[in-house]
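Notes for the one structure printed next.
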Amino acid sequence: MEIKKKSLWIGIALILIAAGVIFPIEKTGFLEDLMYTFSTLIIGLLVIIYAISGGNFFKVIGFLLGSILMSMLLWFLVERGKWGSSIAVVWGGIPSGLISGILFLISNHFLRLREKKQYKYIKQVLLYFLILLIVSVLFRYGGDWYFDAFES
């Protein structure tokens with residue numbers, strides 16, 4: 001796996017500029033008004049993903065989109081029929097799917113599950129769904145865990 005160092009540094013710089021310069025300039029009380037901050041963060045993240053994945057960029061993006069759709073489907077099945085279920089599917093499914101996908105790609109790389117031939121796909125699927133379950137439970141029942149752990 002070839003890491004393109006210039007692209008990696010450009011992506012890190014874009015994320016730092018978005019968090020340190022653009023976000024303080026965009027003073028607003030609404031999340032929807034942070035257009036430049038989110039745009040710069042997304043571009044920086046895409047540049048970093050390209051720097052790390054190289055030629056597999058579209059496979060990684062496709063996997064992350066599939067992970068988001070899988071998470072939204074699971075949130076829909078769990079929250080079906082409850083009040084505000086469509087809000088939970090969007091606000092819980094998208095971030096938990098994205099975080100689960102990224103954590104799976106990182107853990108799959110470091111655990112080297114793709115190199116071990118015996119039960120390769122079964123191990124990968126089980127690892128992905130375990131990560132998705134943990135992240136979804138944290139999103140659903142986690143609450144303000146930092147406040148509960150350190151401020152109470």
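The values are calculated or read from the model by the stated rules, or taken from the named source; none is laboratory data. Remember, it's a predicted structure, so these values are computed and weren't measured experimentally. Because the Cβ atoms are built from the backbone with ideal geometry, glycine has one as well, and the counts that use them run over all protein chains shown. Each accessible area value is taken on the protein alone, full model and side chains, heavy atoms only, with ligands, DNA and RNA left out. Shrake-Rupley method; radii C 1.70, N 1.55, O 1.52, S 1.80 Å.
Looking across Glu32, Glu2, one residue alone is closer than 25 Å to Asn108 by Cα, at pLDDT below 85, out of contact with any strand residue (DSSP E or B) (no Cβ under 7 Å at 6 or more places or on another chain) and of a type outside the set (A, V, I, L, M, F, W, C). It is Glu2. Determine, yes or no, whether Ile49 is under 20 Å from Trp9 (Cβ atoms), open to solvent by 90 Å² or more (accessible area, probe 1.4 Å), hydrophobic (A, V, I, L, M, F, W, C) and modelled with pLDDT of 85 or more. No: the conditions fail for Ile49. Listed by first and then second residue, the pairs linking a residue in segment 66-82 that is at pLDDT 90 or above to a residue that is open to solvent by 80 Å² or more (accessible area, probe 1.4 Å), with Cβ atoms under 6 Å apart and 6 or more places separating them unless they lie on different chains, form an empty list. Taking segment 75-104 as the range and being more than 16 Å from the chain's Cα centre (by Cα) and hydrophobic (A, V, I, L, M, F, W, C) as the test, the residues that pass are Phe76, Leu77, Val78, Trp83, Ile87, Ala88.
Can you say whether Ala13 is hydrophobic (A, V, I, L, M, F, W, C) and within 28 Å of Ser136 (Cβ to Cβ), as far as the supplied structure shows? Spell out how you get there, then give the answer.
Working: hydrophobic (A, V, I, L, M, F, W, C): yes; within 28 Å of Ser136 (Cβ to Cβ): no.
Considered against the rule, which asks whether it is hydrophobic (A, V, I, L, M, F, W, C) and within 28 Å of Ser136 (Cβ to Cβ), Ala13 comes out as no.
The single condition among (1) under 27 Å from Phe139 (Cα atoms); (2) charged (D, E, K, R); (3) open to solvent by 60 Å² or more (accessible area, probe 1.4 Å) that Glu79 does not meet is (3).
Residues that are within 17 Å of the chain's Cα centre (by Cα) and more than 16 Å from Leu132 (Cβ to Cβ) within segment 105-116 comprise just one, His109.
Evaluation of Leu69 against the conditions (1) open to solvent by 60 Å² or more (accessible area, probe 1.4 Å); (2) under 25 Å from Val135 (Cβ atoms); (3) over 17 Å from the mean Cα position of the chain (by Cα); (4) hydrophobic (A, V, I, L, M, F, W, C) shows that the sole unmet condition is (3).
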